[in-house]
Each structure stands twice: as C-alpha cells, then as structure tokens.
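The values are calculated or read from the model by the stated rules, or taken from the named source; none is laboratory data. A quick note: this is a predicted structure, and the numbers were derived from the prediction, not measured. Backbone-built Cβ (ideal geometry, glycine too); neighbour counts: all protein chains shown. All accessible areas refer to the heavy atoms of the entire protein, side chains included, with ligands and DNA or RNA removed. Shrake-Rupley method; radii C 1.70, N 1.55, O 1.52, S 1.80 Å.
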Amino acid sequence: MIVGIDKIAFFTSPYYIDMTDLANARGEDPNKYLIGIGQQKQSVIPPTQDVVTLAANAADEILDEADKQAIDMVIFGTESGIDQSKSAAIYVQSLLGIGKSARSFEIKQACYGATAGIQMAFDHVTQHPKSKVLVLAADIARYGLNTPGEVTQGGGAVAMLITAQPDILALDGQSAFYSDDIMDFWRPAYRREALVDGHYSTDVYIDFFNRTWNQYQAQTNRHLDDFKAIAFHLPFTKMGLKALRSVVHDHPSAVGLLEQFEFSRQYNALVGNLYTGSLYLSLLSLLANSDDLKPGDRIGLFSYGSGAQGEFYSGKIIADLQSQKLAEPVNHLLNNRIKLTISEYEKMYQQGLPMNGRDYEFDITKDHNRFVLAGRKANRRLYKDTKNRI
Ligand code: COA
C-alpha cells in the first residue's frame with residue numbers, strides 16, 4: 001500500500017519586509033543578506049495571527065467535509081506554541097470542525113516536530129488505511145531586532161494531509177536519523193526570542209546531514225543518482241545549499257541537484273524561516289516551481305531541529321502531480337502582500353498579547369483572514385472564525 005502526502009497548503013502573513021531595506025537599516029551590504037544568507041523578503045506576522053490561526057488558515061485551504069470526518073489524528077509541530085500545557089492541535093481541530101473521534105496533540109523538537117508527526121502519521125495510516133492524519137507545522141521565528149539572527153526571521157504554516165493512495169508524494173518508509181545534546185539554538189520558557197549560536201548551528205546541521213545521508217545510503221543502497229532533488233530544512237536558504245554542496249562535489253548528479261535546489265528555495269527566500277514548516281515549504285516550492293519533475297522521481301527530505309535531531313527520508317512523485325494547482329494559491333498569497341517599512345515592522349514586532357496575562361482586545365478589522373486572534377479574556381485566547389462569525 002502507498003502512504004504519503006495527499007494534500008499540502010501554505011499560509012503566511014500578508015505583511016513582509018524587503019531584505020535590502022533591512023540591510024540598509026542595519027548598516028549591512030544588501031548582498032550579504034541577498035546572496036550571503038540567501039533571503040529576499042521576510043514575512044512579518046501581525047499580533048492578530050499566532051501559530052493556531054496560521055495553521056488553521058493553511059489547513060482551511062485543503063480540507064473538505066469528507067476529510068474532516070475521516071481525520072482521526074491531528075498532529076501539530078511547533079517551537080512557538082501558545083500554551084505550556086494545552087496543544088495547539090486541539091484549538092485547530094475545533095476551529096476547523098474536525099470530528100472529535102481523533103487524537104490531537106503537539107510535538108516539540110525545535111524545527112523537527114512536523115517530521116516526527118509525518119513519520120507517526122505514516123505508521124498510523126499504514127496500520128489503518130482508511131484513516132487520514134492532519135499534520136500541521138506552524139511557527140513564528142523571532143531572534144530580536146538588531147541581532148545577527150534578525151535576517152533569518154519569518155513565519156507561517158504548512159498543513160499536510162497524510163493518507164493512503166496519496167495525490168502528491170508517496171513516502172518510501174525508510175529513513176535515517178541521528179540526535180545529540182547540542183546547544184546551537186534554544187528558547188527557555190521565559191523568552192519570546194530564541195537564543196542561537198548561528199555559525200555553530202550551521203556546522204552541526206551540515207554534520208547531521210552528512211551522517212543521516214550516509215546512514216540512509218547504507219540502509220537503502222540508494223545514492224545521489226537515485227534522486228531528482230533534495231529538499232532541506234531552510235532557516236535561511238544558503239544553509240541548505242551549503243549542506244547540498246558538502247555531498248555533491250563533482251558527482252555527475254551535482255548539476256541537476258543544484259538546479260532543483262533553486263526551485264526548492266524559491267518560496268523560502270520570500271518568506272524566511274518558519275521553523276517546523278520550513279522543510280515542507282521547501283518541498284512545496286520544489287513541487288510547485290520545478291519544470292522538470294516526472295512521476296516516479298525520488299525526492300530526498302532532510303529535516304533538522306536544533307538541540308539537535310536530524311532525519312533524512314524520501315518519497316516519490318505521484319503520477320498526476322498538478323504543479324500549477326499547488327503554485328496558484330501560494331503565488332496569489334505571496335504576490336499580494338503589503339510591504340512594511342522597517343519602522344512599521346519594528347512597531348509590529350513589539351506588539352502582541354501582554355506577557356502579564358491581563359485581558360486584551362486587538363483591532364481585527366485590518367486582518368482579512370478567516371481565522372484571527374481577537375485578544376484574551378480571563379487567560380483564554382479569543383479566536384474568531386470571521387466566516388462563521390464565531
Ligand atoms: N556579499 C555577499 N556575501 C556576503 C557579503 C557580501 N557583501 N558579506 C558577507 N557575505 C556572506 C558571508 O561570506 C557569509 O557567507 P558564508 O557563510 O558562505 O561564508 C554570509 O554572507 C553570512 O555572513 P556572516 O558574517 O556569517 O553573517 P553573520 O555573522 O551576521 O550571521 C547567521 C549569519 C546565519 C549565522 C545568523 O543570521 C544567524 O545566526 N541566524 C540564525 C540561524 C539559525 O536559525 N540557526 C538555527 C536553526 S537551524
């Protein structure tokens with residue numbers, strides 16, 4: 001039986017900043033950000049969106065009523081969850097009207113959570129072929145104003161439906177993983193911004209990629225020429241390029257894999273980091289933009305969550321992959337965003353629910369998305385479904 005990704009959708013904020021503007025404001029050469037880091041634009045998330053609404057807005061694009069009844073597991077991968085106890089999955093399940101006979105929970109391991117979710121979903125659907133599992137990956141990446149990590153911020157959500165007989169990617173069911181106790185990126189519970197040792201993190205990421213890639217080759221006897229493309233977790237797009245270059249060297253497949261990498265980083269360069277969703281936005285970018293994907297082409301996926309967990313796994317393109325259908329909503333979203341000045345972004349960055357728990361009401365009239373965060377009352381977040389006026 002074939003199990004894999006049947007549907008995939010992406011959602012982000014309608015606001016962005018341009019990396020040339022940010023470089024100019026921070027006294028850096030724009031080419032450092034555009035070429036050295038590999039980022040062109042960065043999503044800026046307004047206070048009326050959090051990981052719950054980002055994920056609900058993403059999933060809303062792909063789920064029909066039959067899906068909502070068939071889903072019996074909702075898995076939410078996030079590093080920037082909104083509660084220390086209650087999972088974001090339960091909120092999304094309720095907002096979307098997904099049936100209650102479901103397991104709903106959150107997974108945390110920096111940017112790796114959604115990959116654990118996909119592997120769990122794969123096993124579950126393999127055991128129960130009629131089941132559908134909704135895997136959500138949503139984060140808001142915050143490093144702080146005027147920090148070296150600022151150029152690698154961003155945010156958004158990817159929603160994926162894992163089913164039998166999928167329409168997009170058939171997972172191979174083989175993967176290689178590696179973990180170690182590493183302090184490259186972490187966020188203590190009292191902080192809104194991550195702590196990061198960025199250069200060290202890049203080294204560990206490349207090391208974990210090489211380890212898992214070698215382990216995968218030994219397990220499967222598949223090598224570079226068995227792959228059409230490799231999609232990477234992309235905190236900034238240069239990071240994946242460095243990892244890919246570390247294994248392709250002058251291999252005959254190098255040119256093709258490097259060409260496909262350009263398609264796989266297109267959307268990420270316009271959005272920035274979305275932690276758990278980053279690898280899956282890159283996969284979507286590849287599927288939507290590559291002009292050369294054929295049924296049966298094998299795609300590698302490298303997932304990395306600082307702290308650190310790495311995993312390499314793979315899947316094959318399904319016969320009637322409809323690239324245009326995948327590209328249209330993302331292009332529409334990204335082409336219709338509003339550009340903020342750096343001072344507007346700095347102001348928006350400081351907004352958000354007060355950390356002291358007091359009641360608060362946002363002006364939601366400017367947020368035209370279906371699901372919005374309206375504020376907080378009695379320590380409860382107030383979500384609004386603007387379509388159903390809840
Ligand atoms: N033109 C072109 N490239 C330029 C340049 C210019 N004018 N000036 C600098 N560069 C290049 C540098 O050579 C470097 O490229 P290289 O890495 O290929 O050598 C790149 O731009 C970045 O420069 P660097 O000096 O290393 O930047 P930095 O010290 O400001 O930090 C990061 C960059 C990525 C380390 C930092 O933004 C960060 O920590 N981000 C967070 C990363 C993260 O989230 N990690 C954990 C999740 S996995």
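If you check V151, V135, V158, V204 for being more than 28 Å from F11 (Cβ to Cβ), touching a residue at least 60 places away in the same chain (Cβ under 8 Å) and not basic (K, R), only one passes: V204.
Just one residue in the set R191, R211 is under 29 Å from V51 (Cα atoms) and either charged (D, E, K, R) or open to solvent by less than 50 Å² (accessible area, probe 1.4 Å) (or both); that residue is R191.
Taken over the range 345-363, the criterion of being surrounded by 15 or more Cβ atoms within 10 Å (Cβ to Cβ) and more than 14 Å from R376 (Cβ to Cβ) is satisfied by Y345, E346, M348, Y349.
Within the range 153-195, the set of residues being part of a loop (DSSP other than H, G, I, E, B), within 26 Å of S285 (Cβ to Cβ) and away from the ligand (no atom under 16 Å from the Cβ) comprises Q165, P166, D167, I168. Annotation for the range 142-153: no member residue is farther than 26 Å from D21 by Cβ, open to solvent by less than 10 Å² (accessible area, probe 1.4 Å) and in contact with a strand residue (DSSP E or B) (Cβ under 7 Å, 6 or more places away or on another chain).
May I ask you to list the residues in the range 1-59 that are open to solvent by less than 10 Å² (accessible area, probe 1.4 Å), assigned to a helix (DSSP H, G or I) and more than 25 Å from L353 (Cβ to Cβ)? Residues satisfying the conditions are M19, L22, A23. Within the range 294-303, the presence of at least one residue that is touching a strand residue (DSSP E or B) at 6+ places or on another chain (Cβ under 8 Å), β-branched (V, I, T) and more than 24 Å from P14 (Cβ to Cβ) is confirmed. Summed over the range 55-86, residues that are out of contact with any Phe, Trp or Tyr (no Cβ under 6 Å at 6 or more places or on another chain), over 21 Å from Q127 (Cβ atoms) and of a type in the set (D, E) total 5. Within the range 108-127, residues that are within 28 Å of L195 (Cβ to Cβ) have Cβ atoms under 6 Å from residues that are away from the ligand (no atom under 16 Å from the Cβ) and not hydroxyl-bearing (S, T, Y) in these pairs: G113/I107; A114/V135; A116/I107; G117/I75; G117/I107; G117/V135; I118/V135, counting only partners at least 6 apart in sequence or on another chain. Within the range 299-322, being within 16 Å of the ligand (Cβ to nearest atom) and among the polar types (S, T, N, Q) holds for S303, S306, Q309. Tallying residues that are loosely packed, with under 10 Cβ neighbours inside 10 Å and either touching an Asp or Glu at 6+ places or on another chain (Cβ under 6 Å) or not basic (K, R) (or both) within the range 364-390 yields 5.
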